[in-house]
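Working notes, structure below.
Only the coordinates and a few stated rules stand behind these numbers; no lab work does. Predicted model, so just to flag it, every value in this text is computed and none were measured. We place every Cβ from the backbone using ideal geometry, glycine too, and count neighbours over all the protein chains shown.
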Ligand code: SDX
């Protein structure tokens, strides 16, 4: 008699939960954050305002916005000793390895003074994570290229500060580019939250045991790193470089359809969207804006557009409703903005931190919440007696 598949009425057994933060209709290509359309937020809001919305459930008024923005701005520095942690990594360590380690390490610097059952202290941990992720990300990048760390500036906006820490150098004044700053902010908004994706479910499961939020977010970063998830934006660029020329697209489309070939069209398909990913629509528009305003002619964008055209006419992809997802264009924009491919998923993690911490907060605040305990359908051996070594074949 095999085991049986049971449901824990709580959270993770069926891989599902109740949440009021993000709504997705995959068939209709709809994405709402607290009821607001992603396209309207991307066009009319800014990232910190969307952070406030995800955390608190409402858009802030002017006073709330100023207080929240200041609360984030004045926590952008990290403990100076984190630099010693950073220097323990090899210079060529993947920045996602560094982020997983450094964010987990924040448990040692910031957690012991925080009681996650106190609402105020919960928000403090949320603010610290949102505030410090760009600083840690830029530190990881600067360390990998041997440049000195650039400290955050309190007079800059969140996105401007991130770009300044990434690309500024102490020996000259950094000039911000409003086109790139706006694009950065929009990219962060588009990646902020996405319901119960793999990394968010990881954060929720880790948090359901009462683990501290910094350790939970580190678990989310680890899950996001996978090429089937957040690592896809980096994989899209590698794929486009592998294809190299539009004449080779049919060869790779054929491979993507071959079940015996592990090649997949990275940036296509989605576990939930069986229609166009609404974020990809905004991302494609932003991609064209950034490249034209920067005067960048990127052959990889031309290749991406041709690949999209061919794939969307191919019955295999049409029948399976495999459309470009958010990752298909983000890598091309980030490349135009000067980010190395190794930093693409790090940027995704910086943006998704607010989604992870908002979902963690929602779970911790639910009095009926229990520890997640997925069950299984047992497919192993039935009970059998032990066989001593001397009697084994
Ligand atoms: C993100 O969950 C989220 O919300 C994630 C995310 C977020 O914001 O958190 O949206 C971010 O992770 C976006 C997805 C990024 N990943 C990629 O772009 C990697 C490439 N995509 C595939 O690995 C795939 O599409 C997945 C992993 C995204 C979804 O895989 P599924 O669930 O197996 O896809 P499916 O069930 O819809 O597949 C249906 C069919 C299968 O073939 P058949 O068995 O029907 O013959 O489509 C095939 C799949 O083999 N298929 C692909 C394909 N994706 C699915 N074939 C070729 N290329 C692809 N990209």
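Each peptide in 161-173, 317-329, 145-157 was scored by the mean count of other Cβ atoms within 10 Å over its residues; highest first, the order is 317-329, 161-173, 145-157. Structural size metrics of the range 40-116, computed from C-alpha coordinates, are Rg and Dmax of 16.5, 45 Å.
In terms of its Cα atoms, the range 130-180 spans 27, 27, 19 Å along the principal axes, sorted from long to short. Can you give the log10 of the normalised intensity I(q)/I(0) at q = 0.07 Å⁻¹, computed with Debye over equal Cα scatterers of the chain? Debye output, listed in q order: -0.35. If you take the alpha carbon atoms of the range 18-157 and fit the smallest convex hull around them, that volume is 156 Å³ per residue.
Between 101, 380, 331, the residue with the greatest mean-square fluctuation in the GNM of the chain (Cα pairs under 10 Å linked by springs) is 380.
So for the range 186-242, Kirkwood radius off the Cα pairs, Stokes-Einstein at 20 °C and 1.002 mPa s: how many µm² s⁻¹? Before the final figure, lay out each step's value.
Numbers: Rh = 12.4 Å.
For these conditions, the coefficient is 173 µm²/s.
Largest mean-square fluctuation among 194, 288, 120, in a Gaussian network model of the chain whose springs join Cα atoms under 10 Å apart, belongs to 120. With contacts taken as Cα pairs under 8 Å and at least 6 residues apart, the range 222-318 reaches a relative contact order of 28 percent.
Considering only alpha-carbon pairs that sit under 8 angstrom and 6 or more positions apart, the relative contact order computed for the range 29-93 is 20 percent.
Each residue in 23, 386 was given a count of other beta-carbon atoms within 10 angstrom of its own, and listing them fewest first yields 386, 23.
Normalized C-alpha radius of gyration of the range 243-393, against 2.2 N^0.38 Å? Could the numbers behind the result be given before it?
Details: Rg = 22.8 Å, N = 151, 2.2 N^0.38 = 14.8 Å.
Relative to the rule-of-thumb radius for its length, the range 243-393 sits at 1.54.
In terms of surrounding Cβ atoms within a 10 Å radius of their Cβ, 276, 52 rank from fewest to most as 276, 52. In terms of the mean number of neighbouring beta-carbon atoms within 10 Å, the peptides 263-269, 367-373 order highest first as 263-269, 367-373.
Calculate for the chain the 222 nm mean residue ellipticity that helices alone would give, adding -39,500 (n - 2.57) per DSSP H run of length 4 or more and normalising by residue count, nearest 500 deg cm²/dmol. Mind showing how you got there, number by number?
Values: 17 runs with 209 residues, N = 393.
Taking each H run of at least 4 residues, the total per residue is -16500 deg cm²/dmol.
All Cα-Cα separations within the range 81-211 were binned at 5 Å from zero, giving a P(r) of 2, 9, 15, 19, 20, 18, 12, 4, 1, 0, each value a whole percent of the pairs.
Note on residue 302 and residue 390: the extension gain reaches 25.0 nm, defined as 0.36 nm multiplied by sequence separation minus the Cα-Cα distance.
Can you tell me how the range 316-393 classifies by the Cα gyration tensor, rounded, prolate or oblate, using a/c under 1.5 as the rounded cut? Here the range 316-393 falls in the prolate category.
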